[in-house]
Amino acid sequence: MIPITILLVDDNPTFLKVAVDFLMEHGRKEIGVIGQAGGGYEALSMAENLQPQVILVDLAMPDLPGLSLIPRLRKMLPEAGIIVLSMLDTKRYREAAISVGADGFVSKADMFAHLIPAIVRAVQSRRRETNRPDREASRDE
């Protein structure tokens, strides 16, 4: 099985290490972390170069907040799954993240129970989205 490639975006280096360690231990062969960005602008550059299948985005970053980063990532990589991974876990933030293009939202407090299933769902959802017949027809025009 080819691993799902992941780009992590968070301005907290301690959290990045915890998240990478968790994904490498529990994702085993199914998940490969190919990059870590410490902010939104770095994430844009890395996403363009690395072409990850899934991007995990924090909302609270000083240079380019997640709600501003997500639409730019979505435009750049429409086939990539984008999951918010944040402590800002309220209904308002969840709705805002989905409305700007995120495929899912996982609270950092619930990461150990919900992140890997959310990654798998995002990949499956993006595959279905990019393989829709109406999308194929619009590409041929």
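Annotations
- Accessible area per residue, Å², the range 32-100 with all protein chains present, probe 1.4 Å: 46
- FRET efficiency for the pair ASP89 and ARG128, taken as 1/(1 + (r/R0)^6) with r the Cβ-Cβ distance and R0 = 22 Å, rounds to 0.25.
- Residue-averaged [θ]222 nm for the chain, counting only DSSP H segments that reach four residues, each worth -39500 (n - 2.57): -16000 deg cm²/dmol
- The convex hull defined by the C-alpha atoms of the chain has an orientation-averaged projected area of 8.5 nm².
- Take 48-54, 122-128 and order them by the average number of nearby Cβ atoms within 10 Å per residue, most first; the result is 48-54, 122-128.
- Per residue, the convex hull volume that the Cα atoms of the range 39-111 enclose (Å³): 74
- The LEU64 and VAL18 beta-carbon pair, evaluated with R₀ = 22 Å, returns a calculated FRET efficiency of approximately 0.50.
- Model label sites at ILE34 and PHE112, defined 7 Å from Cα along the beta-carbon direction, differ in position by 3.0 nm.
- For a modelled paramagnetic label at VAL120, 7 Å from Cα along Cα-to-Cβ, the residues of the range 12-53 in reach, with backbone nitrogen under 16 Å, are 23-32.
- Net charge of neighbours whose Cβ lies under 15 Å from the Cβ of ALA109, counting Lys and Arg as +1 and Asp and Glu as -1: -2
The values are calculated or read from the model by the stated rules, or taken from the named source; none is laboratory data. Please read all numbers here as calculations on a predicted model, not as lab measurements. We place every Cβ from the backbone using ideal geometry, glycine too, and count neighbours over all the protein chains shown. Heavy atoms of the whole protein, side chains included, go into the accessibility calculation; ligands, DNA and RNA do not. Shrake-Rupley method; radii C 1.70, N 1.55, O 1.52, S 1.80 Å.
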